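Okay, structure first, notes after.
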C-alpha cells in the first residue's frame, strides 16, 4: 500500500499583520489541532529580521483540494492576516527531522 503524498500549504502574510497574527495565534493553533489530522509539520516563515511573514504547513493527504477548504476557515485567513494561500505537492529530497506533536 502506498502512502499518501505530501502537500505544502503556504501562507503569505499581509504587510503589517504582525499584531493581528500574534493576537490570533492561539486560536489558529487550536483550529489546526481540531481540524488538521493530516498535518505533519507547521511553522511560521520568517523575514530577514526574524519576524513572521507567513506560514508553511506540511500535510500528508490524498485530498489536496481539502487543504484550500481548511485554509478558508483558518482564523489567520478569516482574521485578515493572510494575503496569499497556495497549495503545492511537496516531494521530500532530504528528511532529517524527528517526529513530534504539534506544539503551541
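Bear in mind these aren't lab numbers, they're just calculated from the coordinates by the rules spelled out. If you're wondering where the values come from, they're calculated on a predicted model, not measured in any experiment. Here the Cβ positions follow ideal geometry from the backbone for every residue, glycine too, while neighbour counts run over all protein chains shown.
First measure r as the distance between the Cβ atoms of residue 73 and residue 49, then evaluate 1/(1 + (r/R0)^6) with R0 = 35 Å and state the FRET efficiency to the nearest 0.05.
Calculated value: 0.70.
For Cα pairs less than 8 Å apart in space and 6+ apart in sequence, what is the mean separation divided by the residue count of the stretch 5-104, i.e. the relative contact order in percent?
Taking the mean separation of contacting Cα pairs over the length of the stretch 5-104, I get 46 percent.
Subtracting the Cα-Cα distance from 0.36 nm times the residue separation, let me have the gained length for residue 27 to residue 92 in nm, one decimal.
My answer for the length gained is 20.4 nm.
For helix 18-35, what angle does its Cα long axis make with the longest principal axis of the chain, in degrees from 0 to 90 and rounded to 10?
Value to nearest ten degrees: 30.
To the nearest 500 deg cm²/dmol, what mean residue ellipticity at 222 nm is calculated for the chain from DSSP H runs of n ≥ 4 alone, each contributing -39,500 (n - 2.57), summed and divided by the residues?
After summing the helix terms and dividing by the residues of the chain, the value is -8500 deg cm²/dmol.
Cut-off 15 Å, label point 7 angstrom out along Cα-to-Cβ of residue 4: give me the residues of the stretch 63-78 whose amide nitrogen falls inside.
Residues 63-71 qualify, since their backbone N sits under 15 Å from the label point.
Out of every Cα pair in the chain, what percent are spaced more than 19 Å from each other?
42 percent
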